[in-house]
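One structure below.
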Amino acid sequence: MTSDDTSRFLKLGIFDSDAPKGQKLIFNSSGIEWSDRSHQVPISICSKPCIPGYRKSVVEGRPRCCFECIPCSEGSITNQTDSSDCMTCPDDHWSSDSRDTCIPKSVAFLSFKDVLGLTLALISMFLFLNAFCVFVVFVWYRDTAVVRANNRGISYILLVSLMLCFLCTMNFIGRPVKLICMLRQIIFGVIFSLCVSCVLAKTITVVIAFRATNPKSNLKIFLGPKVAYNIVLTCTLFQVIIGATWLITSPSFPEHSTSPTMKEIILGCNEGSIVWFYSMLAFMGLLASVSFLVSFLARNLPDSFNETKFITFSMLVFVSVWLSFIPAYLSTKGKYLVAVEIFAILASSAGLLFCIFAPKVFIIFWRPDRNTRNYLMSKSKVALKST
């Protein structure tokens, strides 16, 4: 049909039955003129094909040949053109950015190769070296007044347990395996209970030593290192019993967490029984609370026994850290959950180390005039007269 509404015939091809197979029909499609005066073949649908990564969605109120191309959601793909539905990737795979293929998920855990894991490890080693240096100083100056006046033996045990606390955080960094999962919380609980029981023993020893100055006091029978050692042994043994029961009844084990909506496979340790985990924390909290209460009540003792003031502050730091740890622990997942626990261990242990031992190291190196028995005794006499 021409512009003047007349018709004309065009020769678009020929059919030759005598031609070889495949060449019998010769057709010139470019010679066809369609209704829009174009020589291009019109598309029979009103939407373009959906490429891989998209699915077709019918447009309500329009013909079925009309549809929208909607990208697949995270964790699902399409790898064909004009797919009607997206396929969900397996649990250990994730969809690519183009949503046209499933790729293996990355494995996530707190590693020494991570900036966070490496930073925590370096802080742990730094604090360990600080505790070791203080231990060496106390051994070297073991016969001086300041070291002897504050229960030398318990101070040694406390410093060694603090060094072990800093080192035990290494168990929380790295790929979780069965043995590490079973023991890391128990080791931490026992060592930490040893630390806090040492603080409690030092506090009670100071109180007994002051109260026993009265000649008629019955507390003189409790003077000596045996009482302090028995307190440490009893409290630590109780925590060992909790840990052993936990290990026998419901030990921790490695597990991986993933789902179609997660981009990573999170490796971690399932605590087995959350009841025993919080029982362990509760016992440490009880020891810390008793230590804080006793040291707070004894904070005004004579200056030669002023270690209770520093113990009070160290226990305040300790309790504050662990009270803030519980809500943070419950609201965190993955490797950041482990990082929160490591931070709580390091912060509370550092509080004990610096609050209790820094003043003594200061006196040893910078105020040697105060590191004499005569000085301590004179201060005690003055304080006793004023009480």
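All of the numbers you see were taken from the coordinates with simple rules; none came from a lab. Please read all numbers here as calculations on a predicted model, not as lab measurements. Every residue, glycine among them, receives a Cβ derived from its backbone with ideal geometry; neighbour counts consider all protein chains shown.
Inter-label distance, residue 274 to residue 247: 2.5 nm, where each label sits 7 Å from its Cα along the C-beta direction. Cβ-Cβ distance of residue 24 and residue 74, R₀ of 56 Å, FRET efficiency by 1/(1 + (r/R0)^6): the value works out to about 0.55. Protection proxy ranking of 351-357, 13-19, by the mean of other Cβ atoms within 10 Å over each peptide's residues and highest first, is 351-357, 13-19. Tally Lys/Arg at +1 and Asp/Glu at -1 over every other residue whose Cβ is under 15 Å from the Cβ of residue 178; what's the total? That works out to 0.
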